[in-house]
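The block underneath contains the structure these notes are about, expressed in structure tokens.
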Amino acid sequence: MNRQHIHFYWRFKVLLIFLVLCWGGKQPLHAQYYPIHATVQWPSPQSPYLSDYYSGSRDRLIVNLLNRDLQQPLLFARLRIKIKSTGFLATSREEINYPMLELSANVPTRLTNIDLSPYLQPQNLQINGRLHNGQLPTGYTEFSVQVVDYYTGRTLSAWHTGRSYLDVKKPPILNFPEKDARIGVTEPLYLRFQWMPRHQGLAGTEYEFVLKELPNNGAAPQSAFAYGNEIYRVRTRHTTLNYTHLEPILFPNRRYVWQVQAIARDGVDEVGVFENGGYSEINWFYLTDDCQAPTGLRAHPRFAKVDLSWNKVIGTTGY
């Protein structure tokens, strides 16, 4: 074979390969077809507590199913559910007798809390990881759903997933009155309570303020709070509360304790997104008789120091 023929042969071979590649690239890639199409809706705000997804009045997880197979106008099915996060995986157990789903062709089926409850209850999940007090791990989390034939287990849909970032919010910090403060009674009564929120992005947050009188039995305020005499309870959207003579009367020489609970709301429903149920720590204070300011302030300069003195106020225990 002379050089000209060899050159023609290689040109023809390259052209043939090019045509084969072009023709192959134009062929459509066929993904595996499943008769059921599903979508997973995970509306905000997302709760980190698993129980919120199978109980309560609000639909926190919604699965929509559609039977697209006109050759099978009625399919009997069940679900597989998978919850995945960093270091955590929960899958619905195969041996559980789940309710049957009847999926008619071209008729959408909407599954909510009641329908998903059998799949999401902890005893029906195979859990690898930690579910501390029913709380899912913080971080990016996936809820995935697959549909299978009720009798044979044949796969009827691909996995369909809803994704979100789960975050547990911190309860508020109590600022004033400070812990173990002594507050003089004024006439008329006026006490200002103030706390600081530690969360962002929850526009519907409310605060439940509770004030109790502690028994005079020497018990620590933290333990006595549970059985203290409740004086006042109110909900507000503000982070301050002015307690005046219009509220229940407070008596001097008694010890009072207060706490604030942060509550996230979505419409009329409460959403469990706060650590410790949204409860702050407790602060307590002593309400004393009206304490007069000292008089007769005097300053006596000395070498490298100043001596300060004032007239004693009867009934005081310190300055």
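Among Val185, Val234, the ranking by other beta carbons within 10 Å of each residue's beta carbon, starting with the fewest, stands as Val234, Val185. Here the scattering of region 36-166 is modelled by Debye summation over its C-alpha atoms, one equal scatterer each and no solvent; at q = 0.17, 0.18, 0.19, 0.22 Å⁻¹ the log10 of I(q)/I(0) is -0.87, -0.97, -1.07, -1.39.
Note on region 141-189: Kirkwood hydrodynamic radius from all Cα pairs is 17.0 Å, rounded to one decimal.
With no solvent and one equal point scatterer per Cα, compute the Debye intensity ratio I(q)/I(0) for region 170-288 at 0.10, 0.17 Å⁻¹ and report its log10, rounded to two decimals. At q = 0.10, 0.17 Å⁻¹ the computed log10 ratios are -0.31, -0.84.
How would you rank Asp149, Asp307, Asp52, going from fewest to most other Cβ atoms within 10 Å of each one's own Cβ? Don't jump to the answer; show the numbers that get you there.
Working: Asp149 15, Asp307 9, Asp52 22.
Going from least to most buried by this count: Asp307, Asp149, Asp52.
Label-to-label distance for Asn175 and Ser104 is 6.0 nm, based on points extended 7 Å past Cα in the beta-carbon direction. Sorted fewest first by neighbouring Cβ atoms within 10 angstrom, His245, His199 come out as His245, His199.
Which FRET efficiency, nearest 0.05, do Ser57 and Asn216 yield, Cβ-Cβ r, R0 51 Å?
On the way: r = 43 Å, r/R0 = 0.85.
Computed FRET efficiency for Ser57 and Asn216: 0.75.
For Tyr232 and Thr138, what does the FRET efficiency come to when R0 = 30 Å and r is the distance between their Cβ atoms, rounded to the nearest 0.05?
Values: r = 35 Å, r/R0 = 1.15.
That gives a FRET efficiency of 0.30.
A simple spin-label model places the labels of Lys305 and Asn97 8.7 nm from each other, with each point 7 Å out along Cα-to-Cβ.
We did not get these values from a lab; they are worked out from the coordinates using the rules stated. Treat the numbers as computed from the prediction; the structure is a model and nothing was measured. Cβ atoms come from the backbone with ideal geometry, glycine included; neighbour counts cover every protein chain shown.
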